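Take a look at the structure set out below.
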Amino acid sequence: MHEARPRQFDLIAFDWDGTLFDSTAIITRCIQRAVVDVGGQEPSREAASYVIGMALAQALAHAAPDVSPAKYPELGQRYRHHYVQHQNDISLFEGVLPLLADLKSRHHWLAVATGKSRKGLNEALHDVALKGMFDSSRTADETAGKPSPLMLNELMAELGVAPERTLMIGDTTHDLQMALNAGCPSVGVSYGAHAPEAFHALSPLAVVHSVAELHEWLKHHA
């Protein structure tokens with residue numbers, strides 16, 4: 001192992017939407033519009049944002065309980081239609097790039113574990129500022145949707161890191177439950193899709209309320 005590896009966590013895995021990428025409001029609205037498009041009752045903002053982080057098909061089914069499974073393919077198409085129209089409105093949270101650069105300079109391995117598709121994540125990672133930033137990534141369509149531990153298990157196996165040396169950071173209970181299922185510690189961020197009151201039952205090491213607070217916590221504890 002590299003002699004300069006940090007003392008606590010070798011691998012830090014991040015969720016994408018709502019954790020690094022400021023997309024929660026747009027994804028929520030796209031889910032609501034897609035459900036209405038196929039004849040379902042518009043889900044509340046809370047119901048639509050709750051499913052962020054799940055694999056798309058699972059998320060849409062959960063958000064639209066009155067929509068027939070036969071319409072799920074159309075529902076997914078309508079979601080993608082709305083999302084494509086707004087994907088350029090979305091950006092990294094302020095402070096994310098300095099945070100990632102600092103972690104890289106301290107020789108952490110960095111990874112993404114996301115409910116997005118591989119195509120969607122690749123489009124998001126196309127930003128020149130993110131080139132080479134992440135050592136690996138897993139998406140729900142390659143493995144299994146959260147809270148299955150498969151994404152984290154595969155990342156740990158690929159990089160040769162034990163669960164106790166892996167930290168998962170996310171904005172939803174799905175992220176923190178995935179970490180728990182994989183035997184990994186976690187940190188919850190409260191500025192994304194889920195209210196942080198639900199995090200405590202999943203025993204995160206910390207719940208932080210901004211990227212700046214996350215950066216500070218990682219400096220002292222990672």
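Computed quantities for the displayed model
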| item | result |
| --- | --- |
| Condition check for PRO149: crowded, with 17+ Cβ neighbours inside 10 Å and under 24 Å from ALA61 (Cβ atoms) | yes |
| Qualifying residue in region 38-51 (condition: closer than 18 Å to THR139 by Cβ and either at pLDDT below 95 or not assigned by TED's automatic domain parsing to the domain that holds VAL207 (or both)) | yes |
| Meets criteria (among the aliphatic types (A, V, I, L, M), touching an Asp or Glu at 6+ places or on another chain (Cβ under 8 Å) and either outside the structural domain of TYR50 (by TED's automatic domain parsing) or closer than 21 Å to LEU214 by Cα (or both)) for ALA113 | yes |
| Options PRO163, PRO185: the member that is touching a strand residue (DSSP E or B) at 6+ places or on another chain (Cβ under 9 Å) and in the same structural domain as LEU103 (by TED's automatic domain parsing) | PRO185 |
| Total residues in region 70-111, condition crowded, with 18+ Cβ neighbours inside 10 Å and touching a Cys at 6+ places or on another chain (Cβ under 8 Å) | 3 |
| Subset of region 108-117 (residues that are within 13 Å of the chain's Cα centre (by Cα) and not in a strand (DSSP E or B)) | GLY115, LYS116, SER117 |
| Matching option when the condition is of a type outside the set (Phe, Trp, Tyr) and touching a Gly at 6+ places or on another chain (Cβ under 7 Å), among LEU56, LEU99, LEU150, LEU159 | LEU56 |
| Unique match (being out of contact with any Lys or Arg (no Cβ under 6 Å at 6 or more places or on another chain) and either closer than 22 Å to PRO204 by Cβ or modelled with pLDDT under 90 (or both)) among GLU3, GLU74 | GLU3 |
| Residue satisfying all of: in region 126-152; basic (Lys, Arg) and assigned to a loop (DSSP other than H, G, I, E, B); farthest from ASP10 (Cα to Cα) among these | LYS146 |
| Index of the failed condition, HIS194 passing every other in (1) modelled with pLDDT under 95; (2) assigned to a strand (DSSP E or B) | (2) |
| Subset tally (residues that are part of a helix (DSSP H, G or I), under 19 Å from the mean Cα position of the chain (by Cα) and closer than 18 Å to GLU123 by Cα) for region 82-107 | 8 |
| Close pairs (6 angstrom Cβ cut-off, 6 or more residues apart or separate chains): over 10 Å from SER136 (Cα atoms) in region 149-162, at pLDDT 95 or above and in a helix (DSSP H, G or I) anywhere | PRO149/MET178; PRO149/ASN181; PRO149/ALA182; LEU152/ALA182; ASN153/ALA182 |
| Identity of the residue in region 11-30, aliphatic (A, V, I, L, M) and more than 17 Å from SER136 (Cβ to Cβ), that ends up nearest to the chain's Cα centre (by Cα) | ILE27 |
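Yes/no per residue for (1) at pLDDT below 95; (2) under 13 Å from the mean Cα position of the chain (by Cα); (3) on the phi > 0 side of the Ramachandran plot; (4) in a helix (DSSP H, G or I):
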residue: LEU155; (1), (2), (3), (4): no, no, no, yes
residue: MET168; (1), (2), (3), (4): no, yes, no, no
residue: ASP175; (1), (2), (3), (4): no, yes, no, yes
residue: MET178; (1), (2), (3), (4): no, yes, no, yes
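Yes or no, residue by residue, for (1) buried (at least 16 other Cβ atoms within 10 Å of the Cβ); (2) more than 19 Å from GLY115 (Cα to Cα); (3) among the small types (Gly, Ala, Ser):
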site: ALA162; (1), (2), (3): no, yes, yes
site: LEU167; (1), (2), (3): yes, no, no
site: THR172; (1), (2), (3): yes, no, no
site: ASP175; (1), (2), (3): yes, no, no
site: VAL187; (1), (2), (3): yes, no, no
site: GLY192; (1), (2), (3): yes, no, yes
site: ALA195; (1), (2), (3): no, no, yes
site: ALA198; (1), (2), (3): no, yes, yes
site: HIS209; (1), (2), (3): no, yes, no
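The values are calculated or read from the model by the stated rules, or taken from the named source; none is laboratory data. Values in this document were obtained by computation on a predicted structure and should not be read as measured data. Every residue, glycine as well, gets a Cβ built from its backbone with ideal geometry; the counts of neighbours run over all protein chains shown.
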